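Presented below is the structure to which this report refers.
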Amino acid sequence: MMMMKAAYRGASLSSRVLYYSTATSPASPNLYHRLIRFHEPSVVPILDQWVAEGRPLDQQDLHRIIKQLRKYSRYKHALQICQWMDDKPYLDNPQKDVPVTLDLISKVYGLKQAEEYFNKIPNASRVGQVYGALLNCYAEARLVNKAEATMQKIRDLGLSGSLTYNVMMGLYSVTNKYEKLDLLMEEMDQKGIRVDKFTYCIRLNAYAKTSEIKKMEKLLLRMEVDPEVKMEWHAYTTVANGYLKAGDREKALTCLKKSEYLIKPSQRKSAYENLLTLYANAGRKDEVYRIWKLYKNLGSLYNRGYLCLMSALGKLDCVDDVEKVYQEWGTQYKHFDFHVPNLVVTIYCKKGLLEKAETVVKALKESGNEPNASTWSRLALGYVKNGELEKAVEAVRKSILSSFPGCTVDTVTFSACLDYLNSKGSLDEAKELIKLLKEKGHLSDVVYKSIVKNLSTEIVIAI
């Protein structure tokens, strides 16, 4: 779906924003800087102040700022600018803002208000982009029936194109309705609607997921001979994934090599991170280190790269290598990232190396980086798997205490701890854990249903 969103919103505006952001002197920050740096609930005062100062207002610049805010997921501020422009009679706000506003309303206030906004749009103004935005809203919410009804309306009005079909194909793919994908591609062929690289990639990925290897190969061949499609590296990594899932490592390796030839300089970082994982899945430690060498030659080393490398080595059961890379990261990183030590804790726990995992946690404390909720949760899971339930209970308690709203609760580990406390008659301790969970706001209906399975009546009542 990210591909469809990118296609819908257009190409990156980084170069244009850069040009705009340097257009005025540092002594008088331009509107872009004022709005991007502003993090209060509303940006409206900034806009009003700009006008009050008698400064020129360029609508094209405002549109660029809106797109940049959307890129940073600052949807509320982007919507505020759209609505502020709509309220100014001296601004001739173009038609193209309507689909953007519709999309932003859905993200900020939800589908109901987005539908209300759409219903107020005059029929004469409901152009293809507006219906496309509504379709995308339904697709993001995975509302298949409403998306299908909107798509049919788009067909009836003769407004369908590659983008709308891609949105529907993406929706069918994430909802596992793979049988509908070929029907849509056939419909596109019949109507003379161009099958673009996004269409191909969605279908290719679905074939790989369902291990329909022959169809995957046939579609790849069609892509390769299509003069309108420029092959990109990730098409071959998708096919390699399909081969790996089907157990054909040789063909997977051939595709991975092909993908490397297509990597553009600007794509190296993300491509190499992807290849580290795929070569590990193919069982090729030598290729993992070859790619890592290429990655290091890029200059700056990123936490993300270390995570990919250690995860790859963990899959290959190279625990000693993971340890060496972790030590290297400890001397190289520019910004501390808990994901790295937490991954190492996970790898140690999976291998039953709990003492080593505890050593990592101890080192974090000594360095002033107090372990977070995820660290304790991973350690607790290791204790449960190793039958050390008393330690698991304590780790779960620490995980809850250090958590924040929105944290995910490992219900399997939590239930195992409650079951252990129940078996030893420590109901008060079990109730205390449940109380902590409630106080942190983590006891949702989903969590509750998962936890109460196989628990004693007394504990269920306490929950």
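Per residue of the chain, what 222 nm ellipticity follows from adding -39500 (n - 2.57) for every DSSP H run with n ≥ 4, rounded to the nearest 500? Let's see the in-between values first.
On the way: 28 runs with 323 residues, N = 463.
Calculated from helices alone, the mean residue ellipticity at 222 nm is -21500 deg cm²/dmol.
Given a cut-off of under 8 Å on Cα pairs at least six residues apart, what relative contact order in percent is computed for the stretch 267-334?
It rounds to 34 percent for the stretch 267-334.
So what is the diffusion coefficient of the stretch 217-322 in µm² per second by Stokes-Einstein at 25 °C and 0.890 mPa s, using a Kirkwood Rh over Cα pairs? It comes out at roughly 172 µm²/s.
If you stretched the chain out fully between E116 and K230, how much longer would it get, using 0.36 nm times the residue separation minus the C-alpha to C-alpha distance? Working shown, then result.
On the way: separation 114, 0.36 × 114 = 41.04 nm, distance 4.07 nm.
Using 0.36 nm per residue and subtracting the Cα-Cα distance, I get 37.0 nm.
The rule of thumb for compact globular proteins, 2.2 N^0.38 Å, goes into the C-alpha radius of gyration of the stretch 314-366 1.07 times. Our estimate of slack between Y178 and Y302, defined as 0.36 nm per intervening residue step minus the Cα-Cα distance, is 41.0 nm.
Please list, by residue number, every one of the trypsin sites (Lys or Arg not before Pro) in the stretch 144-223 that is coil in DSSP and has at most 15 other beta-carbon atoms within 10 Å.
Working: sites: K146, K153, R155, K177, K180, K191, R194, K197, R203, K209, K214, K215, K218, R222; in loops: K177, R194.
Passing sites in the stretch 144-223 are K177, R194.
Relative intensity of the stretch 181-254 on a log10 scale, I(q)/I(0) at q = 0.16, 0.17, 0.21 Å⁻¹, equals -0.54, -0.61, -0.89, per a Debye sum over C-alpha point scatterers of equal strength in the absence of solvent.
Relative contact order, whole percent, for the chain stands at 6, derived from Cα pairs under 8 Å and 6 or more residues apart.
Applying the criteria of a DSSP loop state and at most 16 other Cβ atoms within 10 Å to the GluC sites (Glu not before Pro) of the stretch 351-421 yields E388. In the stretch 314-349, which residues have a backbone nitrogen under 15 Å from the label point lying 7 Å from R249's Cα in the Cα-to-Cβ direction? Zone members listed by number: 315-318.
In percent, what relative contact order does the stretch 45-150 have, based on Cα pairs under 8 Å that are 6 or more apart in sequence? Show your work: numbers first, answer last.
Working: 70 pairs, mean separation 19.9, N = 106.
Reported relative contact order: 19 percent.
Longer than 21 Å from Cα to Cα, which of K146/K180; K112/K153; K285/K362; K285/K315; K197/K296 are they? Say none if no pair is.
Working: K146/K180 16 Å; K112/K153 19 Å; K285/K362 30 Å; K285/K315 10 Å; K197/K296 31 Å.
Check vs 21 Å cut-off fails for K285/K362; K197/K296.
Normalise the Debye intensity by I(0) for the stretch 319-437, one equal point scatterer per Cα, no solvent, then take log10 at q = 0.15 Å⁻¹ and round to two decimals. Ignoring solvent entirely, the Cα scatterers give -0.67. Once the chain from A141 to K385 is taken as fully extended at 0.36 nm per residue, the excess over their C-alpha distance is 84.2 nm. For the pairs K67/K218; K67/K120; K251/K385; K107/K398; K209/K351; K257/K385, flag any whose C-alpha to C-alpha distance is greater than 31 Å. Where the Cα-Cα span goes over 31 Å, the pairs concerned are K67/K218; K251/K385; K107/K398; K257/K385. 3J(HN,Hα) along the stretch 386-398, derived from phi through the Karplus expression 6.51 cos²θ - 1.76 cosθ + 1.60 where θ = phi - 60°, amounts to 8, x, 9, 5, 4, 5, 5, 4, 5, 5, 5, 4, 5 Hz, with x in place of Gly and Pro. Calculated from the structure at hand, volume of the Cα convex hull per residue in Å³ is found among [x] 145; [y] 206; [z] 180 as [y].
What the Cα convex hull of the stretch 267-334 gives, in volume per residue, is 69 Å³. Counting only residues at least eight positions apart within a chain, or on another chain, the aspartates and glutamates with an alpha carbon under 15 Å from that of K391 are E355, E358, D419, E429. Each label was represented as a point 7 Å from its Cα along the Cα-to-Cβ direction; for R290 and T408 these points are 3.4 nm apart.
Using a cut-off of 14 Å between beta-carbons, work out the net charge of the residues near K120 (Lys and Arg +1, Asp and Glu -1, K120 not included).
Numbers: positive: K112, R126; negative: D86, E115, E116.
Once positives and negatives cancel, what remains is -1.
Bear in mind that the values in this text are calculations on the coordinates, not laboratory data. Owing to the predicted nature of the structure, the values given are computational and were not obtained by experimental measurement. Using ideal geometry, Cβ is built from the backbone for each residue, glycine included, and neighbour counts are taken over all protein chains shown.
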